[in-house]
C-alpha cells in the first residue's frame, strides 16, 4: 500500500501459521448461548464473545457470522438474549453449537426456558440472562456486530462455564 501524498510505502504483513483463530483459542472466555426468534423460528448459537458496550445506557454487543442460521432470525425479530452459562450447562452450549447436527427449535430441548420482554428466551439456571433489543447492525467482513439495548436482566448464583484451547472447563479463583 502506498500513500501518494507523502510517498511512504507501508508493507502489510501476511498472516500465516499460527492463525488468528489459533491465537484467540488461547484466550479463556465465558460461554454464552444467544437465543432469538419465537415459536417455530426459535434458534440460537453458542459464543464466547458477548460483551457489554456500556452500562449507561445498558448496551451489549454480539458478533454473528452472517452465514449462521441464527443471523436471519436475529435480523427479522430484532431481539436476542445473552444467556451466560453456569459450569454445569455444557450440554446446552453443545446443543446451541450444533453438536450432533442439532438445529433450530431442537436446540431448546432438555432445558427450561422463560419468555422475556423482547420475546427472546432466558435459560433457567443461567448465571445471567440479558434481554436485548437490537439497536444497530454493523457489517464487517463475514460478520455483523449487533448492538443491543438491554431491556431486562436476570441473575443467579453459581460458577461460570469457561472455554479455552478447544475445551470447556470451570473458573477456579487463585
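Only the coordinates and a few stated rules stand behind these numbers; no lab work does. Note that the coordinates shown come from a computational prediction; the quantities given were computed from them, not determined experimentally. Cβ atoms come from the backbone with ideal geometry, glycine included; neighbour counts cover every protein chain shown.
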What is the distance in Å between the Cα centroid of segment 114-155 and that of segment 50-94? 5
Segment 118-157 - percent relative contact order, Cα under 8 Å, separation 6 or more: 43
To the nearest 0.05, what FRET efficiency results for residue 40 and residue 171 with a Förster distance of 25 Å applied to their C-beta separation? 0.10
So what is the relative contact order of the chain, in percent, for Cα pairs below 8 Å that sit 6 or more residues apart? 25
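Indicate the gyration tensor shape class of segment 28-174 (rounded, prolate or oblate), computed on the Cα atoms with a ≥ b ≥ c the square roots of the eigenvalues: a/c under 1.5 is rounded; otherwise a/b larger than b/c is prolate and the rest oblate.
Since a/c stays below 1.5, the shape of segment 28-174 is classed as rounded.
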Fewest-first ordering of 43, 59 by Cβ atoms within 10 Å yields 59, 43
Quick calc: nm separation of the 7 Å Cα→Cβ label points for residue 88 and residue 63 -> 3.3
Quick one: if you take sqrt(5λ) for each eigenvalue of the C-alpha gyration tensor of segment 92-143, what semi-axes come out, biggest first, whole angstrom? 22, 19, 10
With a 10 Å radius around each residue's Cβ, average the other Cβ atoms per peptide and rank 146-158, 75-87, 98-110, highest first. 75-87, 146-158, 98-110
Pull out the extension gain between residue 156 and residue 53, defined as 0.36 nm times the separation in residues minus the alpha carbon to alpha carbon distance; nm, one decimal. 34.9 nm
